[in-house]
Amino acid sequence: MPLIKAEHIAVEFPLYHVGARSLKKRLLARSPIRLKEDESHRIVVAALRDLSFVIEPGERVALVGGNGAGKTTLLRTLAGIYEPVAGRLEVDGSIGSLIDPAAGMDSEATGRENIMLRGLFLGMSETDCEALAEEAGRFSGLGEFLDVPIRTYSAGMSVRLSFAAATLMEPEILLMDEWFMAGDADFIERANERLEKLVTGADILVLATHNMSIVRKWCTRAIRLAGGRVVADGPVEEILAGET
Amino acid sequence: MRSPNLALASPRYVRDATDPRRVERALNDFRDGLARWRLAVALARLDIRNRYRGSVIGPFWLTLSTAVMVTGIGILYSTLFKLSLEEYLPFLAVSLLVWTTLSQIITDAGNSLIYSEGVIRQVPLPYTVHVLRFVIRNVIIAAHSLPLIVVVFAIFGVMPGPEALLAIPGLLLLFINAFAGGLFLGMICARFRDIQQIVASAMQLAFFLTPVLWKPDLLGDRQAWLPLNPFFVLMETVRGPLVEGGASAMVWLGAIVYTAAACAVAFLFFVRFRARIAFWV
């Protein structure tokens, strides 16, 4: 059964290049909340502090909170990119992450090559990757541009390609950031259909967003983060009460 | 189509800061990373293509520049050392080509993780994949310049004996060291960005201290100290079989000892700091 279980996890980012003593003191004096000094006298940003929650199968969780609240860091920690420095994190289930649209893309390679690369990142065989590229090419509607280096793409085209490549998987746990809202109207319509399929197909959805209408449409539970801590956790309507 | 080959990363994982199980996870990283060699090959080929994008002869520039260097230095130094060109040039060609490969590997080793920064921060992958990408990248580069040895041998009619086959285990040792070096230097250089410059200047010094241009017997009695230089030992396991009728047992022993030491140090470092790499790059 897919499950995410976090017990008092903390993630800290060391700031390696602020060595000078005076700078250190000034930084610490100014922000007594997020910056602190660890045992070996390094300055660290406490990105996530003492988070505990359990996400059961079937739950659709929205991570809400202002910029810098720790939403994306939490997604990356759940995806297994950052390791917590304290606490215990248990994730059971295949993970698909739509965190950064350009994740692992090579701007010099063509659209097709990038999709194949994406397939290889996911551990697929080469023949599967080729089929994947065909399908993603069709879906993204890039046509002849599929065989052109992606550095020549417009912003909308790259989002379409990334979206097509990223949504070809069917994970049990879907981690998603809000970037997928870009693209032209015609594409958004098609994208919605596909997103819906992906979201309903996954057993667990964790979505970081600022857009409350998306939260209301897709999520059943909301976790509000502030300053790297959980400040509220509960059903969407309860957490979003008073927000538009 | 939730097919098994779409299994993303490991289906279940536990991260417990009080019980990091570092050794086990480092070993898993190696195992999973080596199993993903196809990805490493694809990334390495992209690296080569990007590096020489738009260039007409691409990676053969390396071959060409080495060929020019061998000819120029060959003519000058055969006069300085009072050796005939037929005697000196095959030695020099092998020396320079092996040295270029070696020093290219060491200077590039510091990049092994920094180069993959974009991927490391976005896609959870075993770090071994990135190091393997660096090794394969250098194997491809070496494959462009090492065949030049055959050309030089053909021109000068040098026909090495069957011991030349020993150059293959020599090359293998070199690339095992490349993996260890890529892991170790890759981590150190990701954390301390100055190390790369230090490595680059150290390699320049090493070029003159190592018998690349000059023959080891010029040292006379002090030749016995040469195996203390790991660069010499590693180079000699490839060069010896090709132009000197085989490398001494001392050289092979040294190469194996240095390789084992490099692997041990890299492994210990990897076990201890693996979890920090994503924060360093």
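The values are calculated or read from the model by the stated rules, or taken from the named source; none is laboratory data. Bear in mind that the values here come from a model prediction, so they are computed numbers and not experimental data. Neighbour counts run over all protein chains shown; Cβ positions are idealised from the backbone, glycine included. Just so you know, the surface numbers come from the protein's heavy atoms only, side chains and all, with ligands and any DNA or RNA stripped out. Shrake-Rupley method; radii C 1.70, N 1.55, O 1.52, S 1.80 Å.
Residue B:195 to residue B:51: FRET efficiency via 1/(1 + (r/R0)^6), r the Cβ-Cβ distance, R0 30 Å, to the nearest 0.05? Write down the numbers at each step before the final one.
On the way: r = 22 Å, r/R0 = 0.74.
Efficiency computed from Cβ-Cβ geometry: 0.85.
Please sort B:238-247, B:129-138, B:271-280, A:102-111 by packing, taking for each peptide the average over its residues of neighbouring beta carbons within 10 angstrom, highest first. Mind dumping the intermediate values first?
Working: B:238-247: 21.4, B:129-138: 25.9, B:271-280: 17.3, A:102-111: 19.1.
Output ranking for B:238-247, B:129-138, B:271-280, A:102-111: B:129-138, B:238-247, A:102-111, B:271-280.
Would you mind giving the mean number of other chain beta-carbons within 10 Å of the Cβ of each residue in A:80-90, as a whole number?
6
Give me the log10 of I(q) over I(0) for the protein assembly as shown at q = 0.05, 0.10 Å⁻¹, as the Debye formula computes it from C-alpha points; what are the numbers?
Those come out to -0.26, -0.89, one per q.
How many partner chain Cβ atoms sit within 10 Å of a residue's Cβ in peptide B:122-133, on average, as a whole number?
3
List every residue whose amide H lies under 5 Å from the amide H of residue A:94, counting only residues 5 or more places away in sequence or on a different chain, with H placed 1.01 Å from N in the peptide plane.
Those lying under 5 Å, H to H, from residue A:94 are A:172, A:173.
List the relative contact order of chain B as a percent without decimals, with contacts defined as Cα pairs under 8 Å and 6+ residues apart.
Values: 279 pairs, mean separation 73.0, N = 281.
Computed over chain B, the figure is 26 percent.
Tally up the carbon and sulfur contribution to the accessible surface of chain A as a whole percent, 1.4 Å probe, everything protein left in place.
52 percent
May I ask you to order A:122-132, A:84-94 by the average number of other C-beta atoms within 10 Å around their residues, highest value first?
A:84-94, A:122-132
Quick one: Kirkwood hydrodynamic radius for region B:131-281, alpha-carbon pairs, angstrom, one decimal?
So the Kirkwood estimate lands at 17.1 Å.
So how far apart, in nm, are the two label points at residue A:16 and residue B:28 if each is 7 Å from Cα heading toward Cβ?
About 2.5 nm separates the two model spin labels.
How many Å³ per residue does the convex hull of the Cα positions in region A:111-202 occupy? Don't skip to the answer; put the middle values down first.
Details: hull volume 8.8 nm³, N = 92.
With only Cα atoms used, region A:111-202 gives 95 Å³ per residue.
For region B:230-244, what does the Karplus curve 6.51 cos²θ - 1.76 cosθ + 1.60, with θ = phi - 60°, yield as ³J(HN,Hα) per residue in whole Hz, taken in order and with x for Gly and Pro?
Result, ordered by residue: x, 5, 4, 4, 5, 5, 5, 5, 9, 6, x, x, 7, 10, 10 Hz.
On a C-alpha basis, how far is the centre of region B:162-223 from the centre of region A:150-172 in Å? Whole number, if you could?
With region B:162-223 and region A:150-172 each reduced to a Cα centre, they are spaced 42 Å.
Return the value, in Å² to the nearest 100, of accessible area buried between chains B and A (probe 1.4 Å, both sides summed). Could the numbers behind the result be given before it?
Numbers: alone 15630 and 12460 Å², together 23990 Å².
Accessible area lost upon association: around 4100 Å².
Tell me, what HN-Hα J-couplings in whole Hz come from the Karplus equation 6.51 cos²θ - 1.76 cosθ + 1.60 at θ = phi - 60° for each residue of region B:156-166, using x for Gly and Pro?
Values per residue, Gly and Pro as x: 9, x, 7, 10, x, x, x, 5, 4, 4, 5 Hz.
Given a cut-off of under 8 Å on Cα pairs at least six residues apart, what relative contact order in percent is computed for region B:1-130?
Taking the mean separation of contacting Cα pairs over the length of region B:1-130, I get 41 percent.
So how do A:164-177, B:148-161, A:199-212 stack up, highest first, on mean other-Cβ count within 10 Å?
A:164-177, A:199-212, B:148-161
Kindly report the accessible area of chain B per residue (heavy atoms of protein chains, probe 1.4 Å, no ligands, DNA or RNA), in Å². Intermediate results must be reported in sequence, preceding the final value.
On the way: 13490 Å² over 281 residues.
That works out to 48 Å² for each residue.
Taking amide H positions as placed in the peptide plane 1.01 Å from N, state which residues far from residue A:86 in sequence (5 or more) or on other chains have amide H under 5 Å from it.
A:10
Could you derive backbone 3J(HN,Hα) for region A:84-91 from the dihedral phi with the Karplus parameters 6.51, -1.76 and 1.60 (θ = phi - 60°), listing whole Hz in sequence and x where the residue is Gly or Pro?
x, 8, 8, x, 10, 10, 10, 10
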